[in-house]
Amino acid sequence: CAGRATRTGSNPGAARGGCAGPRCACRLAYRLAIGMCVAWADRVARNISRLDVYCRACELVRAVYGLADLLRPDERFGLQSQLRRAVVSISANIAEGASRSSPRDYLRFLGIAQGSAAEVMHLLELIRNNALVPVLNLERCQNDCSVVINGLQKLQSTVRAWARQHPSPPRRRR
């Protein structure tokens, strides 16, 4: 925000790490608890179900589970199992990262979720190349997966921008 405290001390609220304005949203962002931003943890953890990429990842789980049921029985412990674990990992890592206390940790889990989404995309390509399921069902899952990958990239850039605007203070050395 425009009233955010600067590190130079030009703002009267800078000494305590907050804004001078009584209604400024940044005031909460600079409260510290064990070197972390309390507003970050509160804002993200409560709104996980409102994240579009999280909802789309949950929809992808349902679509991929339906697709995995169409695989041959001999793929049950191979491709089917790996595909299901990878797709569940996407939404699980988004949720776990959102519960973390810092943007850095959240970004790390979003990166893991993006890797799992890339793994799902690769497994879907294997299914396509081996013609294991109808193409129509497969294309829907691939399109949904690419939407999730794009959403994860946008969310990562948003979290990075937020972290740049609201830097956490250096940790105290013991």
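The values are calculated or read from the model by the stated rules, or taken from the named source; none is laboratory data. Worth saying up front: this structure is predicted, and the values here are computed from it rather than measured. Positions of Cβ are generated from backbone atoms using ideal geometry, with glycine treated the same way; all protein chains shown enter the neighbour counts. We work out accessible area using only protein heavy atoms, side chains counted, and drop any ligands, DNA or RNA first. Shrake-Rupley method; radii C 1.70, N 1.55, O 1.52, S 1.80 Å.
One table, with the values for the structure above:
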{"quantity": "Label point distance in nm, E139-Q165, each placed 7 Å from Cα along Cα→Cβ", "calculated": "4.0 nm"}
{"quantity": "R128 accessible area, 1.4 Å probe, all protein chains in place, Å² to nearest 10", "calculated": "80 Å²"}
{"quantity": "Accessible surface ranking that places the most exposed of I112, I127 first, with a 1.4 angstrom probe", "calculated": "I112, I127"}
{"quantity": "By average C-beta atoms within 10 angstrom, highest first, the peptides 117-123, 47-53", "calculated": "117-123, 47-53"}
{"quantity": "Label-point separation, M121 to D105 (7 Å along Cα→Cβ), nm", "calculated": "2.9 nm"}
{"quantity": "Computed lengthening from L132 to D74, 0.36 nm per intervening residue step minus Cα-Cα distance", "calculated": "19.7 nm"}
{"quantity": "Anisotropy class of the range 51-90 from Cα gyration tensor, a/c 1.5 cut", "calculated": "oblate"}
{"quantity": "Net charge over other residues, Cβ less than 13 angstrom from the Cβ of L79 (K, R count +1; D, E count -1)", "calculated": "0"}
{"quantity": "Accessible area of the range 112-174 divided out per residue, in Å², using a probe of 1.4 angstrom", "calculated": "65 Å²"}
